[in-house]
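Have a look at the structure below before the remarks.
Values quoted throughout were computed directly from the atomic coordinates according to the rules given, and no laboratory measurement underlies them. Note that the structure is a prediction, hence the values are computed from the model and not measured. With ideal geometry, Cβ positions are generated from the backbone for all residues, glycine too; neighbour counts draw on all protein chains shown.
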Amino acid sequence: MWGNAAQALALRLACTITHKEGLRQARTPQKLPRQETPFHPCSPGPRSFLISPVSDLPPSPRQLFHLLDTGRITSDQFRESMAQHAREVIVEMEEDHLNPAVAFIEQMLCRRAAAKLLKHHEETLIREVLLALSDLSDFPPGRWLWNAGHPHIPLHAFFRSKREPVFRITTLQADPQVVTVIVEYGVAGQTQVKKEEFRLRRDRRSQLGLERRRLV
């Protein structure tokens, strides 16, 4: 499914790690070494932000950036976790190379799903919704949606029509301040597909955030 989109994503991961580390080193003053504590995404920090204490899912790259910026993980932990995300993408690229026909069919299905949404909604809005969903630490597909705000990655690359774990948007209703979206998604290692409704509301900065959610 991924093709060139997967290559762009893997490259983006690698470049982001290097760029992020360069910025952090440039703005971080020299200080004495401190004793490191074992990394856990739910450990106390300046603010909880994206990480839920009830979630067993590994942080997405978007969440890892925040953990690094707030000092809740070290640079080495950040690089290790980001490298794991890159490896997952590379594995799917290799699977596509071994099964080009299956990958082509999946790509066409995902392109069709994206085109269907684009008939009724602006691409900017769809990407906003994907980013808001990626902020949820207990939402498994969030690990694939973290960079939906980058327009150079095709919109269809964020959907998984048949490929497990699946991710499909079945309904999207947008009002000026509230967006309601119903998605179907799978969880790695499970055969059952979940269907969930998310109600997203804009804050004072006009950014979408979760108001409530429910299984449907």
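Could you line up Asp175, Asp138, Asp69 from fewest to most neighbouring Cβ atoms inside 10 Å?
Fewest-to-most ranking of Asp175, Asp138, Asp69: Asp175, Asp138, Asp69.
With +1 on the Cβ of every Lys and Arg and -1 on the Cβ of every Asp and Glu, and nothing else charged, how large is the dipole of region 117-163 about its Cα centre, in debye rounded to the nearest 20?
340
Counting other beta carbons within 10 Å of each Cβ, put Val91, Val102 in order, fewest first.
Placing the least packed residue first, the sequence is Val91, Val102.
Can you put Thr124, Thr191, Thr180 in order of Cβ neighbours within 10 angstrom, beginning with the fewest?
Ranking Thr124, Thr191, Thr180 by Cβ neighbours within 10 Å, fewest first, gives Thr191, Thr124, Thr180.
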